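Just below is one structure, and these are the notes that go with it.
Read-outs: derived from the displayed coordinates by stated rules, not from any lab. Here the structure is a predicted model, which means the values were calculated and not measured. Neighbour counts run over all protein chains shown; Cβ positions are idealised from the backbone, glycine included.
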Amino acid sequence: MLVAPSILSADFGHLARDVAAICSGGCDLVHVDVMDGHFVPNLTIGPVVVEAVAKAATKPLDIHLMVENNSFFVDLFAPLKPGYISFHIEEEKHPHRLIQKIRSLGIRPAITLNPHTPPEAIEFLIEDLEMVLLMSVNPGFGGQKFIPSVLERAVRLKDLILKRNPECLIEVDGGVSDKNIHMLHNAGVDVVVAGSYVYGHSDGVAEAIASLKRV
């Protein structure tokens, strides 16, 4: 299992320290939630802060756009050379065009699905993607309760991926912990995003990350 801790749960007063901690603690990606206050009812960070995160990180950034006007935000963050940029299918009118744009910038394209969106909605885009992010909470805020139906959606998505693009990864974001990591693994999930669990773990971020990898 690959682990992508969400910096949304970090201490923003000591952001460089907290980013460095997850990188030295064994994370695989640094998950960055970008919210514009329109697509979701929350406002997070822009390119100045993400640039600081990129400087502190020794692992690739996994930028999750929860925004309107995706193409604008892709242009905004592309100079930071993240590993992945994901955008919500529910917001994008021309997803294939945007996937091509992200890839042309040397970034691995990914699509995110809200809890109500069936995997079949992106069946004919899978062969062009590097990753699909399934939300297991409603996007916008950290610390929410895990929605169990994501397990069925992951299984259905895995079937589509095996038919169309076996190299495509499945990522799950929201309410991930040691209580559900085995179920996620069994459902075919490759990458988990965890914020509150990692940064709030009583034994520190390294042990939190290790506990998610022990599946």
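A few points about this structure:
For (1) farther than 17 Å from residue 89 by Cβ; (2) out of contact with any helix residue (DSSP H, G or I) (no Cβ under 6 Å at 6 or more places or on another chain); (3) crowded, with 17+ Cβ neighbours inside 10 Å, each residue gets a yes or a no:
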residue	(1), (2), (3)
146	yes, yes, yes
168	no, no, yes
171	no, yes, yes
182	yes, yes, no
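- Only listed residue being surrounded by fewer than 19 Cβ atoms within 10 Å (Cβ to Cβ) and under 19 Å from residue 85 (Cβ atoms), chosen from 204, 195, 200, 140: 140
- Note on the stretch 158-174: residues that are touching a residue at least 24 places away in the same chain (Cβ under 8 Å) and out of contact with any Asp or Glu (no Cβ under 6 Å at 6 or more places or on another chain) total 8.
- Here 177, 196 are screened, and the one residue that is closer than 21 Å to residue 62 by Cα and free of Cβ contacts under 8 Å to residues at least 40 places away in the same chain is 177.
- Just one of the numbered conditions (1) buried (at least 17 other Cβ atoms within 10 Å of the Cβ); (2) within 22 Å of residue 63 (Cα to Cα) is not true of residue 100: (1).
- Filter pass, residue 155 being among the aliphatic types (A, V, I, L, M) and either surrounded by fewer than 17 Cβ atoms within 10 Å (Cβ to Cβ) or without any contact (Cβ under 8 Å) to a residue 12 or more places away in the chain (or both): yes
- Per the listing 211, 196, 177, the residue uniquely in contact with a Phe, Trp or Tyr (Cβ under 6 Å, 6 or more places away or on another chain) and closer than 16 Å to residue 4 by Cα is 177.
- When each of 117, 112, 58 is tested for being farther than 27 Å from residue 159 by Cα and polar (S, T, N, Q), the lone residue that passes is 58.
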